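> Mind having a look at this structure? Questions to follow.
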Amino acid sequence: MFNVEKDIYYVGVNDHAVDLFEGMYKVPDGMSYNSYIIKDEKVAVLDTVDAAFGKEWMTNVKAVLGDSQPAYLVVHHMEPDHSANILAFIKEYPSVQVVGNAKTFTMIKEYFGFEVKNALTVGEGSILSLGRHSLRFVMAPLVHWPEVMFSYDETDKILFSADAFGKFGALDVQQPWDDEARRYYIGIVGKYGVQVQNVLKKVSMLQVDKICPLHGPVLEGDLSHYIGLYDIWSSYRPESEAVMIAYASIYGHTKAVAGMLADILKKAGKEVVIADLARSDRAECVAQAFRCSKLVLASVTYNAELFPCMREFIDCLAERNFRARKVGFIENGTWSPISAKLMRERLACCKDLDYIENTVKIRAAFSAENAAEIEALANELI
């Protein structure tokens with residue numbers, strides 16, 4: 001627990017037991033499930049936490065509340081890692097009024113099988129007066145669920161941003177924000193760039209001094225860094241002038257050619273990220289593809305199809321609206337090399353891709369002919 005401001009408290013929890021967040025994202029540094037209390041003439045508790053941490057969270061809440069009775073429980077987002085303790089809280093504080101939008105209360109019934117009797121439905125621009133503090137609600141549909149909303153404390157200029165501006169990692173682990181926030185955003189929110197852009201326009205009309213997300217640290221200081229990255233990510237622009245080489249190799253021949261290309265590019269002064277798709281963290285590979293301005297896909301042909309890890313990687317890119325990048329190919333096949341064709345077909349739904357015509361075509365293993373092809377591909381990437 002800590003003070004965000006003199007009368008705003010953090011009462012969230014750290015989870016170091018979780019190994020896969022949302023069943024698929026590796027989180028070696030754990031996760032935080034954030035919750036806040038505004039202690040004013042009327043007390044507001046903002047969000048609950050994951051079911052496994054209900055007792056710890058309730059202990060934190062009671063330590064801050066003391067004998068005070070909460071007037072409101074504000075539900076910004078209905079994913080169970082934030083909403084699982086709504087019923088327990090109502091049972092503990094029967095007079096509390098639950099604040100949400102129309103979709104919030106539908107989801108509460110769907111998830112937990114009960115209707116909130118003491119509900120306060122809010123919409124875009126609604127104001128909740130607590131005394132010194134007033135919360136203005138900002139609807140943020142599909143950032144990244146349809147019921148999501150932010151709230152803005154007009155007094156202390158704090159944006160409570162639901163899952164937006166969140167990151168992987170527990171709060172008791174010190175780590176830079178950008179990398180794990182990028183992996184979190186691209187993986188979980190990345191599909192919804194248009195919706196993020198819409199809410200960023202609303203946020204730009206507010207004076208925001210701090211951002212309190214539901215995962216990760218409270219953000220303060222130069223917020224333009226974090227908001228700027230969200231603008232880049234949600235508009236699908238490259239973050240860095242760099243080349244990612246993602247390869248799928250069986251016996252090491254495709255890997256070797258990918259390494260040769262990387263060496264040429266590095267000698268030319270290019271930043272290069274190279275990833276073995278069979279062994280690397282999938283979410284990190286996807287995040288790096290979005291970070292870089294250029295992407296080279298290198299794959300063997302396997303059962304007249306793409307090697308599975310390459311197929312799954314491309315599908316992850318396409319699902320998240322990968323676009324506006326320069327893309328090149330390296331293919332390998334002993335008797336029927338068609339992986340370049342298959343990779344390009346799988347990317348067909350991605351908009352504004354600039355395909356490099358020079359493709360490296362390996363017949364089983366590297367040959368002298370491939371050397372010229374690698375140089376030609378490198379020249380188009382430099």
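> Work from the charge dipole of region 2-234 (Cβ charges, +1 for Lys and Arg, -1 for Asp and Glu, about the Cα centre) and give the residue of Gly228, Met107, Phe165 farthest towards its positive end.
Working it through, the farthest residue towards the positive pole turns out to be Met107.
> With both partners inside region 255-382, how many of the DSSP beta bridges are antiparallel, as a percent to the nearest 5? Before the final figure, lay out each step's value.
On the way: 3 of 15 bridges.
For region 255-382, the DSSP antiparallel bridge percentage is about 20.
> Build a GNM of the chain with springs between Cα atoms under 10 Å: which of Gly66, Gly228, Gly125 gets the top mean-square fluctuation?
Gly66
> Taking every DSSP beta bridge that has both residues in the chain, what percent is antiparallel when rounded to the nearest 5? Could the numbers behind the result be given before it?
Numbers: 30 of 69 bridges.
Roughly 45 percent of the beta bridges in the chain run antiparallel, per DSSP.
> Please sort 306-313, 370-377 by packing, taking for each peptide the average over its residues of neighbouring beta carbons within 10 angstrom, highest first. Each step should come with its number before you reach the end.
Values: 306-313: 20.8, 370-377: 17.0.
My ranking of the peptides, most packed first, is 306-313, 370-377.
> Would you work out the relative contact order for the chain, in percent, from Cα pairs under 8 angstrom that are 6 or more residues apart? If you can, show how the numbers build up before the last one.
Numbers: 778 pairs, mean separation 41.7, N = 382.
Averaging sequence separation for qualifying contacts and normalising by length gives 11 percent for the chain.
> In debye, nearest 20, what is the charge dipole magnitude of the chain about its Cα centre with +1 on Lys and Arg Cβ and -1 on Asp and Glu Cβ, if you could check?
Working: 40 positive and 51 negative charges, 143 e Å.
Computed about the Cα centre, the dipole is about 680 debye.
> Mind listing which GluC sites (Glu not before Pro) in region 132-187 are in a DSSP loop and have 15 or fewer other Cβ atoms within 10 Å? Write down the numbers at each step before the final one.
Numbers: sites: Glu147, Glu154, Glu180; in loops: Glu147, Glu154.
Loop-located and lightly packed - Glu154.
> Tell me the mean residue ellipticity at 222 nm calculated for the chain from its helices only (DSSP H runs of n ≥ 4, each -39500 (n - 2.57), averaged over every residue, nearest 500). Can you show the working numbers first?
Numbers: 12 runs with 123 residues, N = 382.
That comes out to -9500 deg cm²/dmol.
Coordinate-derived values only; no laboratory data. Remember, predicted model here, so these are calculated numbers, not experimental data. Cβ sites come from the backbone with ideal geometry, for glycine too, and all protein chains shown count toward neighbours.
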